[in-house]
Amino acid sequence: MARAVLRSPQLGLVLVLLVLATALTLAAGSHVDPQTGKTINNFLNTYTLIQMATDASAFAIMGVGATLVIIAGGIDLSVGAIYALAGVSMAMVLRAAGPMDPVATVFLGLGTCLTVSLLCGLANGVMVIGLKVHPFIITLGTMWILRGVAFVISRAESILIPGALTAVAKASLGLGTALYPVPLLCMLVVTAIGALYLSRTVMGRHVFAIGGNPEASRFSGLNVPRITLGVFVLSGLAAGFAAFLGAAFYGSATSSDANGYELYVIASAVVGGASLSGGKGSAVSAMLGAVLIVTMRQAIRTLHLDQNYEWIIIGAAMIVAVVLDQRGSRLLAGRLSASA
Amino acid sequence: MSLSTRWSRPALVVAAFAMAAYAMAACGKGGDTSAGKTFTIAMIAKSSTNPVFLSGRQGAEAAAAELSKAHGMTVKIDWLTPPNEDGAVQAQRISEAVNSGANAILLSSSDAGKVRGAVDEAVDRGVPVMTFDSDVPDSKRFSFYGGDDVKMGVQLMDELATQMGGKGKVAIIAGNQNALNLQARVRGVREAAAKYPGITIVNAFNHAETPQDAAAEVLRVKNAYPDLQGFAMVGGWALFTRTLLTDLDPRKIKIVSVDALPAELPYVETGLAPVLFAQPTYSWGYVSVNTIFDHVYLKKKVPAHVQMDLVRVSKDNLGTWARQLKAWGFADVDPKYLALPR
C-alpha cells in the first residue's frame with residue numbers, strides 16, 4: 001500500500017499542495033467570525049477550502065475532458081464556448097418550459113446541457129477527422145462560432161436559472177449554512193470516472209496509444225478516427241456538465257460565461273504533467289493541477305498581495321516551470337544515454 | 001516515471017510562484033502589516049481596467065485614510081476587483097472576502113443574477129454589503145449609492161436632442177448588456193427620444209467595456225449608418241481613446257456621454273461632445289466607504305438609496321471641472337484645462 005502511494009504519479013502534486021497549504025495557513029493570519037465569535041484562520045477554514053474546491057471544480061471537470069484530448073495528441077480550445085452555449089441553451093429551454101416539478105426541471109436542465117455539449121463535441125471531432133485540419137485550428141474556429149451562437153440565441157441576456165437547479169448545486173448536505181460541497185463532489189466523481197476510463201478500460205489505453213504514436217496505432221489496427229471522435233465528444237460532455245453545475249450554482253447563464261476558461265483548463269492539464277505532444281497525462285493530475293492553480297490564486301488574496309499581479313505571477317510561474325521541467329528532462333535523458 | 005520527474009513540474013510551478021510573489025512583496029506591493037484594530041472593506045468593482053473604477057478606488061482609499069486618522073484605527077480597502085467583467089468571478093470574490101474576514105463589502109455588480117446569491121450569503125454570514133454604480137436589486141444589501149439610471153438616460157437624450165436641434169438619427173452606445181444600470185440608462189434614452197418626433201434611434205449597441213472595444217463599436221456603427229448625427233453614450237468608454245477626435249466630424253456628429261474623465265476633456269474642447277455628464281466616480285468610493293463605516297462601525301442609520309447626481313460639464317466649466325479632477329487625484333489632467341479661468 002505504502003509502496004503504491006510512493007509510486008503514485010500524483011504524489012508530487014499532492015505533497016506540493018500540502019506544503020503550499022501549510023505555508024498559507026501559517027502566513028494567513030486569522031479573524032473573528034462575526035456569527036460564531038470564534039477566531040478562525042484566514043486560509044484553513046471550511047468555508048475557504050470548499051469555496052476553493054468550488055472555484056476549481058469547473059476547471060477540473062473540463063480539465064478531465066480536455067486531458068483526454070491532450071493525451072490523444074490534440075487540443076480543445078472550445079471548452080469555454082461549449083460551456084457558455086450549453087448554459088444559455090439550458091436556461092432558455094427551462095424558461096420556455098415554464099414552471100415544472102423540481103426533479104423534472106433538474107433532469108431537463110441536465111439533459112439539455114449534455115445534449116448540446118455532446119453535439120458540440122461531435123462537431124469538433126467530425127471536423128478534425130473529416131477536414132484533416134489540426135484540432136487547434138478547428139477548435140479555435142468553433143470557440144468563436146459556439147460563443148457567437150450563444151450570444152445570438154440569448155440576445156446577450158443574463159437568463160435566470162430556476163431555483164430547483166440552484167437547490168441541487170447548493171445543497172449543503174448537512175454541512176451547515178453557506179457550505180456547498182456539491183461542486184467538490186462532482187469534481188471528485190468526474191475525476192474518478194476519467195481516471196478509471198484511462199487506466200482500467202481498453203478504450204482508455206487506446207487513447208494513450210494514438211497520442212503516443214498514431215502511425216503505430218493505425219498499423220496495429222486501432223480505429224484512430226473513432227477514438228479521436230470519442231475524446232472530443234467526452235471533452236464536450238465534460239464542458240456541458242461543468243456548465244450545468246456552474247449555471248445552477250450561480251443562478252444564471254450568459255453568453256459571456258467561462259470566457260478564457262479554456263486557458264485555465266489547458267494550464268491545469270499541463271501543470272498536472274500532461275504533454276501537449278500527446279501520450280502522457282492523467283485525470284487525477286489534471287484535477288490536482290486545477291486545485292494548484294486555484295490555490296495560487298487564493299494565496300494572492302490570502303497574503304494580501306496586489307491581485308492585479310495575479311495573471312503575471314501565474315503566467316510567469318507556468319512558463320518558468322514548464323521550461324525548467326523540459327530542460328531538466330532533456331538533461332536527465334542525456335545523462336541516462338551517456339551512462340548506457 | 002521517477003520520483004524526481006513526478007515532482008518536478010508542480011514543484012517548479014510553486015517555486016516560480018513563490019519567487020514572483022516574494023519579488024512583488026519586496027517591491028512594496030505586499031499586504032498590510034499594521035498592528036492595532038483593523039476594519040477591512042473589500043471593494044469589488046466591475047473591472048480593474050476601467051478608469052472610472054480606479055477613480056472610485058482612489059476615493060475609497062482617501063476615505064479610509066481619513067477615517068483611520070479620525071478614529072485612531074486602521075480602515076483598509078481590500079481591492080478585489082476582477083481584471084475583466086465576470087459576474088461569476090465577482091461572486092467568488094465575495095465569498096473570498098467573507099472567508100478572509102472582511103468587515104464589509106462594497107460592490108458594483110457586473111451581473112446581478114450571478115452575484116445575488118453570494119451577496120445574500122455574505123449578509124447571512126454577518127458581513128454587510130453595500131452596492132454602488134450598479135445595484136443588486138432584491139438582495140440583502142443594506143444600501144446603494146448611485147444615480148437614478150433611467151433619469152440619467154433621459155437627461156442624456158434631452159441634452160443630445162438640444163445639441164442636434166431636435167432632429168436626426170441617434171445611436172446608443174450601451175456598454176455591457178448584462179449590467180442592469182446600463183440597461184436602465186438605455187431605457188431612459190429611448191423614453192426621452194420618444195418625446196422628439198424628429199429624432200430616430202437606430203439601435204442600442206453593446207460592447208465590451210474597454211476603451212478600444214467601445215471606440216471600435218462607434219466606428220462600426222458610424223460606417224453602418226453614414227447619416228447618423230448623434231451618439232448617446234451611457235458610459236464614456238469610447239471617449240477614453242483619442243481616435244474619435246480625428247475619425248468623427250464635430251460639424252456633422254454630436255456626442256453626449258455619461259462620464260467626464262481627463263481623457264474625455266478634449267472632446268468637450270473640440271465640440272464633438274459639447275456636454276458630458278460626469279459621474280462623481282471618486283465619490284463612489286469616498287461616499288460609499290463613509291456610508292459603510294457609519295452603518296457598520298458607528299451603527300448609524302443610513303438610507304437604502306444614497307442619491308448620486310450628475311455634474312454637467314461643458315466649455316463653460318471645463319477649467320473648474322479639470323481642477324476638481326486634479327483634486328481627486330487624477331494625475332493625467334492636461335495643464336491647459338487646469339489653466340482655464342472657469
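Distances between placed amide hydrogens fall under 5 Å for B:H305 paired with B:F144, all partners being 5 or more residues away or on another chain.
The mean number of Cβ atoms from other chains found within 10 Å of a Cβ in peptide B:88-99 is 6, as a whole number.
Here A:R297, B:R93, B:R187 are placed in order of increasing Cβ neighbour count within 10 Å, fewest first, which gives B:R187, A:R297, B:R93.
Helices in the protein assembly as shown, meaning DSSP H runs of at least 4 residues, each add -39500 (n - 2.57). Divided by all residues, the mean residue ellipticity at 222 nm is -19000 deg cm²/dmol.
Kirkwood radius, chain B, all distinct C-alpha pairs, inverse of mean reciprocal distance: 21.5 Å. Note the angle between two axes, namely the Cα long axis of helix B:211-224 and the longest principal axis of the Cα atoms of chain B, as a number of degrees from 0 to 90, rounded to the nearest 10. Helix B:211-224 and the main axis of chain B meet at about 30 degrees. Residues B:K254, B:K114, arranged from fewest to most other Cβ atoms within 10 angstrom of their Cβ, appear as B:K254, B:K114.
Here A:L68, A:L175, A:L292, A:L119 are placed in order of increasing Cβ neighbour count within 10 Å, fewest first, which gives A:L175, A:L119, A:L292, A:L68. Sequentially through the range A:169-174, phi angles give Karplus couplings (6.51, -1.76, 1.60; θ = phi - 60°) of 5, 10, 5, 7, 6, x Hz, Gly and Pro residues having no value and appearing as x. Peptide A:32-41 has a mean of 3 when you count, residue by residue, the C-beta atoms of other protein chains within 10 Å of its C-beta. Listed values for the range B:186-201 are Karplus-derived 3J(HN,Hα) couplings in whole Hz (6.51 cos²θ - 1.76 cosθ + 1.60, θ = phi - 60°), namely 4, 4, x, 4, 5, 4, 5, 4, 4, 6, 10, x, x, 9, 10, 8, and x replaces Gly and Pro.
At q = 0.05, 0.07, 0.08, 0.09 Å⁻¹, what log₁₀ I(q)/I(0) does the protein assembly as shown have when each alpha carbon counts as one equal point scatterer in the Debye sum? Rounded to two decimals, the profile gives -0.26, -0.51, -0.66, -0.83. Would you mind classifying the range A:1-158 by shape? Square roots of the alpha carbon gyration tensor eigenvalues, ordered a ≥ b ≥ c; an a/c under 1.5 is rounded, otherwise it is prolate if a/b is larger than b/c and oblate if not. Taking the square roots of the gyration eigenvalues as a ≥ b ≥ c, the range A:1-158 is oblate. Counting, for every residue in A:180-189, the Cβ atoms of other protein chains within 10 Å of its Cβ and taking the mean gives 0. Applying 0.36 nm per residue to the separation of A:L26 and A:V202 and subtracting their alpha-carbon distance, the gain on full extension is 58.8 nm.
So for the range B:112-176, Kirkwood radius off the Cα pairs, Stokes-Einstein at 10 °C and 1.306 mPa s: how many µm² s⁻¹? Taking Rh from Cα pairs, D becomes 110 µm²/s. Could you tell me which of rounded, prolate or oblate describes the range B:45-141, using a ≥ b ≥ c as the square roots of the eigenvalues of the alpha-carbon gyration tensor, with rounded for a/c under 1.5 and, failing that, prolate when a/b is larger than b/c and oblate otherwise? In terms of gyration-tensor shape, oblate. Entry note: the range A:38-321 has Rg to Rh equal to 0.98, where both radii use alpha-carbon atoms and Rh is the Kirkwood radius. When the listed pairs A:K170/B:K151; B:K151/B:K336; B:K69/B:K114; A:K38/B:K37 are checked against a 28 Å cut-off, the alpha-carbon distance exceeds it for A:K170/B:K151; B:K151/B:K336; B:K69/B:K114.
Once the C-beta distance of B:D249 and B:N317 is scaled by a Förster radius of 25 Å, the resulting FRET efficiency is 0.50 to the nearest 0.05.
On the beta carbon distance between B:H305 and A:I319, with R0 = 45 Å, the FRET formula returns roughly 0.40.
With only Cα atoms counted, the range A:70-141 has Rg and Dmax values of 15.0, 46 Å. Rounded to the nearest whole Hz, the Karplus-based 3J(HN,Hα) values (6.51 cos²θ - 1.76 cosθ + 1.60, θ = phi - 60°) of the range A:34-43 follow the sequence x, 7, 9, x, 8, 8, 10, 5, 5, 9, with x at glycine and proline.
Over every Cα atom in the range A:257-303, the radius of gyration and the widest Cα-Cα span, Dmax, amount to 11.7, 38 Å.
Largest first, the three principal axis extents of the alpha carbons in the range B:176-240 are 33, 30, 16 Å in whole numbers. Starting from the Cα of A:R155, step 7 Å toward the Cβ, then list every residue of the range B:191-210 with an amide N under 18 Å from that point. Only B:191, B:201-207 pass the distance filter.
Here, each number is a calculation from the coordinates, and none is a lab measurement. Given the structure is predicted, the values throughout are model-derived calculations rather than measurements. Heads up, the Cβs are rebuilt from the backbone with ideal geometry, glycines too, and the neighbour counts pull from every protein chain shown.
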